[in-house]
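Here the structure comes first, spelled out in structure tokens, and everything after it is commentary.
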């Protein structure tokens, strides 16, 4: 059994798998340790598929914009899987004046970062997506946003990384990290101790316990989110959809089915089962919300509803960072439910950081030690 | 601990690789076998990669068959293949119905 | 949101019995089923059931379903049909879709102090070339089409699978007026009861054991099928191909538990091939690893209706006990009795412990008919060894029941005590010699396996009479001439119908008496008009 490598990555979601892939591409040896029995079993296989720049905190924009320009367009070809990436824009919808205020603020901030996003009115929205109801009074529109299939993309990175010799161990839960002589060195699992001078923690919410153990605190909570999927419907629209309150999002897939996520408002109070459990209220609540936006979907049959956990950061922003105070330790977590679209870019930049000490995109705003009090 | 690089032998094309196994999503035996060799060792991974089990019957017809094929590629018993999960609604239900909850 | 002491999902034999036991002990019980008729698989079983009186033997399956529903209602169980349980959520909460029509459907929430999942099982499929052509259907689906909706599944049918489902449905296809071209199984021996096979074989349906389907033929629907012999590794042997013109291929290759709701609950599951697939890990009462969540019937392990009824009762009693609705000693007695009943059902040649084993001798030491196991009928030189088969003066029953199965209605049917099984329910029936038989025919009608005949070797000089159970329409008429068919379904002699008897006590098993040349008294076992 292989227990040492140039880099050990903890977590085999989109972030862990893409990091491992890009490292392997640079000729480095990599071991990926996944606690569950499955690759991509966390948020990577449960999210709404958004690949969007708009609606993000400006701190994430440099990385995300870089990703949309440099990674997504050629990803299917590179991985040899159909990521189903479609760059047909993102409508973030507003139903009230308050919503429009939120969207305008987000838009203005994003424009300052160089993103091509703008506010549009109700009739412009209807032109782009004629299926939306009259409830929508306006939206932000970003033409370079889109969506993709998170399942095939995550597994595609895994497949390609494996082809390049990356060693994946599943059912291999990491219990703690140890430093040796002040540098990161050991990754402890029940069955073996893995050793490397470079460790990447990309384990979603579970990153918190591991990092706490070496004195690094990323302020995250584990929050449940739920999604649903319909049967295949005739192709209706191609944009990624979201809302000002981020309470509803989704898209129509290549297959024809619609994937939608939503909120009941009680997610935070759910009983914490190890396996994210569906609630009895989500699907009905989400259905009503969807029908309000898309009356035409009222007869669409829902075939499945599922749940997942997001690692919600105190400031709702991802953490993609070298941990300076522990040489050799890197973290990619706290994606707060919007990690899929930015995941591959995070993986690429972290790989570059490890290999060369530099990153092509500016990830300074995503540092692990950015958390300051308000006063 | 599960070594995902363990040697399961090469992919040997079979005479019935174009047999449809998942009728709802039209996934063939060959596609499933090939997916195992691309690293998909468990039912959830196969389902997410190929869509078998995602159709209207949610795997009621094909799950058993897919399990057997995956097990054969991995040289293990079918009962040792990690199963996929089940989620509601267990029958496809219209949005208008799901949203139509009786008053408490 | 309504809360009940017990929620039962599934109005099949297990679910209804669970509800009955719980309600009898004072629990508030609500029971849901997605179908419009109660009884689960029972509602389409038109054949008479096996077992003993307690196990409702001799009664047709759909009647058992109706009886259980009446018992449940009388006990105070709220039964909701056309109610689909769409999910099982934390806190033992379920969501139910009532009256699932397009625009009137409404979702209801219910919570239970305890829940019993009795959702049964679904049919397995086996893929072969062109198996996705219209015309390839499950045997259970064919049964629903015929027996519930009155629609012939097809005209000429090949059945794959020789377990009880394949055998019983083949017979019902014949009753519905379909032709059964062949019955095929890759196994070397028939998996179901010999008597089920025998009643199919004697109508002329050929059995092909150690054969499998190579491919279905047709462009947009099935027009034919090719089968071939298999070797010890179940690989087809080139050169053994046989072709049949059929428009339907029925698949009866086993059932898998429909355990989706249980999986949603997060209870411990196991993949147990001997129980049919993914089943919950349960204790002897059916309780899962989630307290007060139970599984009963086929969903916890594929057996059949009689065991499902008992498992349902046990779960209902246990739930009542755990929630304080009955006292310890009463509970123990009831549960012990159930366990004993279950034990008695699980005896004999088809006991779960004997699965896959080749039983060569009956409990009495008689060699089991190998011809029955490989061709579907008992050979002439084998049948004489069985205690139900005797040669006597005057009319007497001839019982061609040759396997130890837990079943005894024939013993009670004869008021003259011609037939003896005894206290050990799997014993082969013995016909007294001489038998004080009056020829009333009640024994013939009582045999769910249709394995009892009345034979009078001295009917007329040179002629014998053979009275056969006959469940086909149209009935032959007195004086009709035709052929007597042997156990293998081949014509063996001329025959003339001399009597037809249909009385309410026979419950739709008509007794048809044919006159055959005397030397065919022990050979002719079916009639075909010409």
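The values are calculated or read from the model by the stated rules, or taken from the named source; none is laboratory data. What you are looking at is a predicted structure, and each value in this text was computed from that prediction instead of being measured. Using ideal geometry, Cβ is built from the backbone for each residue, glycine included, and neighbour counts are taken over all protein chains shown.
Candidates are the residues of segment A:72-98 that are over 18 Å from residue A:240 (Cα atoms) and in a helix (DSSP H, G or I); the one that is nearest to the chain's Cα centre (by Cα) is A:75.
Table: residues versus (1) surrounded by 22 or more Cβ atoms within 10 Å (Cβ to Cβ); (2) on the phi < 0 side of the Ramachandran plot; (3) more than 10 Å from chain B (Cβ to nearest Cβ).
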{"site": "A:229", "(1), (2), (3)": "no, yes, no"}
{"site": "A:237", "(1), (2), (3)": "no, yes, yes"}
{"site": "A:242", "(1), (2), (3)": "yes, yes, yes"}
{"site": "A:246", "(1), (2), (3)": "no, no, yes"}
{"site": "A:252", "(1), (2), (3)": "yes, yes, yes"}
{"site": "A:278", "(1), (2), (3)": "yes, yes, no"}
{"site": "A:281", "(1), (2), (3)": "no, yes, no"}
{"site": "A:292", "(1), (2), (3)": "no, yes, no"}
{"site": "A:299", "(1), (2), (3)": "no, yes, no"}
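Only one entry in A:208, A:159 is within 20 Å of the chain's Cα centre (by Cα) and either away from chain B (no Cβ under 14 Å) or closer than 22 Å to residue A:336 by Cα (or both), namely A:208.
Selection of segment B:75-104 for residues being in a loop (DSSP other than H, G, I, E, B) and closer than 30 Å to residue A:292 by Cα yields B:86, B:87, B:88, B:89, B:90, B:91, B:92, B:99, B:100, B:102, B:103, B:104.
Among the listed residues A:180, A:187, identify the single one that is crowded, with 24+ Cβ neighbours inside 10 Å, in contact with a strand residue (DSSP E or B) (Cβ under 8 Å, 6 or more places away or on another chain) and over 21 Å from residue A:48 (Cα atoms). Write out each step before concluding.
Working: A:180 fails: crowded, with 24+ Cβ neighbours inside 10 Å.
Answer to the check: A:187.
For residues that are closer than 18 Å to residue C:526 by Cα and surrounded by fewer than 22 Cβ atoms within 10 Å (Cβ to Cβ), scanning just segment C:188-204, find the one that is nearest to the chain's Cα centre (by Cα). Among those residues, the one meeting the criterion is C:203.
Of the candidates B:77, B:84, the single residue that is within 14 Å of chain C (Cβ to nearest Cβ), crowded, with 23+ Cβ neighbours inside 10 Å, more than 23 Å from residue C:132 (Cα to Cα) and in contact with a helix residue (DSSP H, G or I) (Cβ under 7 Å, 6 or more places away or on another chain) is B:84. Of the residues A:308, A:347, the single one that is buried (at least 24 other Cβ atoms within 10 Å of the Cβ) and either in a strand (DSSP E or B) or touching a residue at least 24 places away in the same chain (Cβ under 8 Å) (or both) is A:347. Residues in segment B:49-56 include at least one that is crowded, with 16+ Cβ neighbours inside 10 Å, in contact with a strand residue (DSSP E or B) (Cβ under 6 Å, 6 or more places away or on another chain) and either within 23 Å of residue A:40 (Cα to Cα) or more than 10 Å from chain C (Cβ to nearest Cβ) (or both). In segment A:175-198, the residues that are within 14 Å of chain B (Cβ to nearest Cβ) form Cβ pairs under 6 Å with partners that are assigned to a loop (DSSP other than H, G, I, E, B) and at pLDDT 95 or above, at six or more places apart or across chains, as follows: A:187/A:174; A:188/A:175; A:189/A:172; A:189/A:174; A:192/A:3; A:194/A:3.
Of the helices (runs of 4 or more DSSP H) lying entirely inside segment C:377-482, the ones with 1 or more residues being without any contact (Cβ under 8 Å) to a residue 24 or more places away in the chain and either out of contact with any strand residue (DSSP E or B) (no Cβ under 8 Å at 6 or more places or on another chain) or assigned by TED's automatic domain parsing to the domain that holds residue C:506 (or both) are found at C:380-383, C:409-413.
Close contacts from segment B:1-16, counting a first residue that is more than 7 Å from chain A (Cβ to nearest Cβ) and a second that is exposed (fewer than 12 other Cβ atoms within 10 Å of the Cβ) and in a loop (DSSP other than H, G, I, E, B), with Cβ to Cβ under 8 Å and a gap of 6+ residues or different chains, come to B:8/B:75; B:9/B:75. Taking the conditions exactly as written (out of contact with any strand residue (DSSP E or B) (no Cβ under 7 Å at 6 or more places or on another chain) and either assigned by TED's automatic domain parsing to the domain that holds residue C:95 or in contact (Cβ under 8 Å) with a residue 24 or more places away in the chain (or both)), does residue C:283 satisfy them or not? Criteria met by residue C:283. Considering segment C:162-187, and only residues there that are in a loop (DSSP other than H, G, I, E, B) and in contact with a strand residue (DSSP E or B) (Cβ under 6 Å, 6 or more places away or on another chain), the residue that is surrounded by the most Cβ atoms within 10 Å (Cβ to Cβ) turns out to be C:162.
Within segment B:69-85, the presence of a residue that is under 30 Å from residue A:296 (Cβ atoms) and over 10 Å from the mean Cα position of the chain (by Cα) is excluded. Need at least 2 residues that are within 14 Å of another protein chain (Cβ to nearest Cβ) per element, so show me which helices (runs of 4 or more DSSP H) inside segment C:259-370 make the cut, counting only ones lying wholly within it. In segment C:259-370, the matching helices (runs of 4 or more DSSP H) lie at C:260-265. The numbered conditions (1) within 14 Å of another protein chain (Cβ to nearest Cβ); (2) closer than 30 Å to residue B:101 by Cα; (3) part of a loop (DSSP other than H, G, I, E, B) are all true for residue A:265 except (1).
When residue C:269 is tested against the conditions (1) under 30 Å from residue C:332 (Cβ atoms); (2) in contact (Cβ under 8 Å) with a residue 40 or more places away in the chain; (3) crowded, with 18+ Cβ neighbours inside 10 Å, the lone failure is (2).
Here's the yes/no breakdown for (1) over 18 Å from the mean Cα position of the chain (by Cα); (2) surrounded by fewer than 19 Cβ atoms within 10 Å (Cβ to Cβ):
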site	(1), (2)
C:291	yes, yes
C:299	no, no
C:313	yes, no
C:318	yes, no
C:331	yes, yes
C:338	yes, no
C:349	no, yes
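Residues in segment C:483-507 that are touching a residue at least 40 places away in the same chain (Cβ under 8 Å) and either in a loop (DSSP other than H, G, I, E, B) or surrounded by 16 or more Cβ atoms within 10 Å (Cβ to Cβ) (or both): C:483, C:484, C:485, C:486, C:487, C:488, C:489, C:490, C:501, C:506, C:507.
The one condition from (1) within 30 Å of residue B:60 (Cβ to Cβ); (2) without any contact (Cβ under 8 Å) to a residue 24 or more places away in the chain; (3) assigned to a loop (DSSP other than H, G, I, E, B) that residue A:340 does not meet is (2).
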